1. So which strands (runs of 3 or more DSSP E) are wholly in region 113-218 and hold at least 3 residues that are farther than 24 Å from Trp35 by Cα and either touching a residue at least 24 places away in the same chain (Cβ under 8 Å) or more than 19 Å from the chain's Cα centre (by Cα) (or both)?
2. If you check Ala31 against the conditions, is it among the small types (Gly, Ala, Ser), modelled with pLDDT under 95 and either in a helix (DSSP H, G or I) or in contact with a Ser or Thr (Cβ under 9 Å, 6 or more places away or on another chain) (or both)?
3. Those residues that are out of contact with any helix residue (DSSP H, G or I) (no Cβ under 8 Å at 6 or more places or on another chain) and surrounded by 13 or more Cβ atoms within 10 Å (Cβ to Cβ), I need them from region 208-228; list them, please.
4. If you take the residues in region 1-20 that are at pLDDT 80 or above and among the charged types (D, E, K, R), which one is surrounded by the most Cβ atoms within 10 Å (Cβ to Cβ)?
5. What's the number of the condition Ala99 fails, among (1) within 17 Å of Tyr26 (Cα to Cα); (2) in contact (Cβ under 8 Å) with a residue 40 or more places away in the chain?
Amino acid sequence: MERWYEESFGDDYLVVYKHRDAAGAYEEVRAMIGWLGLPPGASVLDLCCGMGRHSLALADFGYRVTGVDLSGVLLAEARKRDTMRRVRWLRGDMRRVPAEGPFDAVVNLFTSFGYFAADAENEKVIGEIARLLGPGGRFIIDFLNAAYVETNLVPCSERAQGRCRIEENRRVEEGFVRKRIRIREPGKPVRHYDEQVKCYGLEQFEAMTAAAGLRIDRVYGGYDGRPYERTTSPRLILTGTKEGNVQP
């Protein structure tokens with residue numbers, strides 16, 4: 001599963017996650033813009049933008065947005081949705097972002113972190129966030145709350161999506177949340193994909209961000225702005241600032 005993300009974020013991703021709609025992204029972004037405290041017209045990088053739901057919502061709120069993702073399939077979908085060409089779309093790895101700063105803010109949303117097995121590789125992503133921000137720039141990392149997932153995980157689920165039957169099996173093992181997805185479609189062989197995310201907690205994020213010259217200002221447990229509680233919060237959402245005197 002070392003490079004699982006290169007296979008999983010293709011055409012079938014659009015089938016499996018079709019239920020994630022633009023309205024939901026708009027509401028999530030509306031909650032987050034107050035945390036960023038940025039004026040209209042500020043420059044924002046959406047790191048791992050996927051289909052562009054959050055990037056387009058950020059553009060709706062008046063920001064100048066750049067979306068970066070590794071998946072050509074998801075970027076093609078994002079460009080198709082961006083009918084007014086309001087967002088700059090770039091293809092690239094989150095560890096080596098093909099952009100130069102400074103940005104006023106970098107956002108990494110909907111558990112688009114922890115994809116790599118080695119801590120050093122995930123730390124590179126934090127380093128890129130620091131590199132791309134100007135002094136005083138703001139960031140949001142919206143991650144799963146590993147402790148909550150461990151106690152509330154739904155091991156198996158099944159649903160229909162058009163002609164497809166989607167089966168999802170989830171488990172927590174070896175420090176990762178892992179998912180096996182099977183897609184059954186009449187007349188076609190069963191297709192399967194694996195996903196995994198490393199289970200980082202608040203203390204690990206504090207260490208990684210501090211090493212990169214980033215300061216965590218607030219920690220939320222959900223998009224509604226609830227305080228973070230280790231065992232009961234569904235999300236671990238970090239907001240913070242790049243220290244002004246650090247050159248990562």
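The values are calculated or read from the model by the stated rules, or taken from the named source; none is laboratory data. Being a predicted model, the structure only gives us computed values, none of them experimental. As a convention, Cβ positions derive from the backbone with ideal geometry for all residues, glycine included, and neighbour counts pool all protein chains shown.
1. 156-161, 164-173, 176-184, 191-198
2. So Ala31 fits the description; yes.
3. Ala210, Asp217, Gly221, Gly222, Arg226
4. Only one residue tops the list, namely Asp12.
5. Ala99 satisfies every listed condition except (1).
Conditions tested, residue by residue: (1) surrounded by 19 or more Cβ atoms within 10 Å (Cβ to Cβ); (2) in a strand (DSSP E or B); (3) in contact with a Pro (Cβ under 7 Å, 6 or more places away or on another chain).
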{"residue": "Asp46", "(1), (2), (3)": "yes, yes, no"}
{"residue": "Ser55", "(1), (2), (3)": "yes, no, no"}
{"residue": "Val68", "(1), (2), (3)": "yes, yes, no"}
{"residue": "Arg85", "(1), (2), (3)": "no, no, no"}
